[in-house]
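Written below as structure tokens is the structure these notes are about.
The values are calculated or read from the model by the stated rules, or taken from the named source; none is laboratory data. Because the structure is a prediction, the values reported are computed rather than measured. Ideal geometry is used to build each Cβ from the backbone, glycine not excepted, and the neighbour counts take in all protein chains shown. Accessible surface is based on the protein model in full, side chains and every heavy atom, while ligands, DNA and RNA are left aside. Shrake-Rupley method; radii C 1.70, N 1.55, O 1.52, S 1.80 Å.
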Amino acid sequence: MALLLAGGEEDFNLTVLAEAAQRANVELLDLRLPAAESPTFCWNLEEGGARFNAQNISATGAFIRHDVFGAMKDPRPEVSARAVAWHQTVMGWLLSQPRVRLFNRQISQTAMNKPAALVFAREAGLRIPPTVITNEAGKFSSEQIESRIAKPVAGGDYCYSLAEALGKADLRSGLAALPAIVQKRLVPPEVRIYVIGQSAFAFEVRSVSLDYRVNQDAELMLLPEIPPELALLRRLMSRLNMDFGAADFKTDPETGQLVFLELNTSPMFARFDQASGGQLCAAMIQELTMA
């Protein structure tokens, strides 16, 4: 059994997964891409086989992540274009090889659309916050502005208070250039649930920040019991053809109940794996390589 690992060489999530594979005595086929040089690659569609650095590619399972870290260090457009091209190439080969185990192989396009995923989550029985998707800045009262948050429809940025988001927006005739997801502001505790095939893990994310990613100030705690929302989350993921992902929840200040925020289809997991004592990556290795 062998695990193919693809993405950026500087992606620390892939680093911890590679270390977990070594601990499990799983052979590693390393297709991580260095920033300073390119490997050789050739996929002959007539023959079906592919070669990476003159080595035939053959694996039981595979884990691939789009490399976002290279562009963080080097913002030139060609760096991002290179990452996209390599991800599409390797993912294309993996998708054409049904015998290679791959998370989310048949994933629905809906899973990658945050507004649609919220609708599907509600239909699965999960609680979602009151949500408006709009670019109409004048739509909200002063009270609503103080009690709402805003985040980008397509992701790629942080969650801000609505007041802060409006202060940053370039408004023309009261309209923002981009629509945003505007929701009721929720409170701690914040919970993230990872689903990895038949396994699941829940973590409390403790932070004083509205979005802990801004200051990287989160304290992670593995919960001894997974919240009952897991059953409904699995229902949602089944509809979206997902067998791997991480869902984020926060608490409604009025009811004390967990409320679904979003479902990450390719979540970061290195710090959560550390908080779990390596259980997260071990489960990923198990699902991808074991009979």
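A cut-off under 13 angstrom between Cβ atoms defines the neighbours of D273, and their net charge, with Lys, Arg +1 and Asp, Glu -1, is +2. Solvent-accessible surface of the chain, averaged per residue with a 1.4 angstrom probe and all protein chains in place: 52 square angstrom.
Given just the C-alpha atoms of the stretch 1-125, how large is their convex hull per residue in cubic angstrom?
Considering the Cα atoms of the stretch 1-125, their hull volume per residue is 151 Å³.
Centre-to-centre, using Cα atoms only, the stretch 189-204 and the stretch 83-117 are separated by 22 Å. Pick from D252, D30, D170: which residue has the top mean-square fluctuation in a GNM of the chain where Cα pairs under 10 Å get a spring? Judging by the Gaussian network model, the answer is D170. Largest first and in whole Å, the equivalent-ellipsoid semi-axes of the chain read 36, 23, 17, each the square root of five times a Cα gyration tensor eigenvalue. Taking label positions 7 Å along the Cα-Cβ direction at both A200 and T89, the computed distance is 4.0 nm, reported to one decimal.
Pairs of lysines in the chain whose Cα atoms sit within less than 14 Å of one another amount to 4, provided the residues are eight or more positions apart or on different chains.
Out of G277, G48, G197, any idea which swings most in a Gaussian network model of the chain, alpha carbons joined below 10 Å? With Cα springs under 10 Å in the chain, the top fluctuation among G277, G48, G197 is at G48.
Net charge around F103, counting only other residues with Cβ within less than 14 Å of its Cβ (Lys, Arg = +1; Asp, Glu = -1)? Show your work: numbers first, answer last.
Numbers: positive: R65, R101, R105; negative: D243, E287.
Once positives and negatives cancel, what remains is +1.
Dipole size of the chain about its Cα centre, with +1 on Lys/Arg Cβ and -1 on Asp/Glu Cβ: approximately 580 debye, rounded to the nearest 20. Against the empirical 2.2 N^0.38 Å (N residues), the stretch 131-184 has a Cα radius of gyration ratio of 0.99.
Using the C-alpha atoms of the stretch 51-173, what convex hull volume per residue, in cubic angstrom, is computed? Could the numbers behind the result be given before it?
Details: hull volume 20.7 nm³, N = 123.
Taking only Cα atoms, the stretch 51-173 has a hull volume of 168 Å³ per residue.
With both labels modelled 7 Å from their Cα along Cα-to-Cβ, the R185 to K73 distance reads 3.8 nm.
Which percent of the accessible heavy-atom area of the chain goes to carbon and sulfur, probe 1.4 angstrom?
On the way: 7790 of 15220 Å².
Taking all protein chains in place, the chain shows 51 percent carbon and sulfur surface.
If you add up the charges near T15, with Lys and Arg at +1 and Asp and Glu at -1, over every other residue whose beta carbon is less than 15 angstrom from its beta carbon, what do you get? That sum, taken over residues with Cβ under 15 Å, equals -3.
For E262, the residues 5 or more places off, or on other chains, whose built amide H falls under 5 Å of its own are D248.
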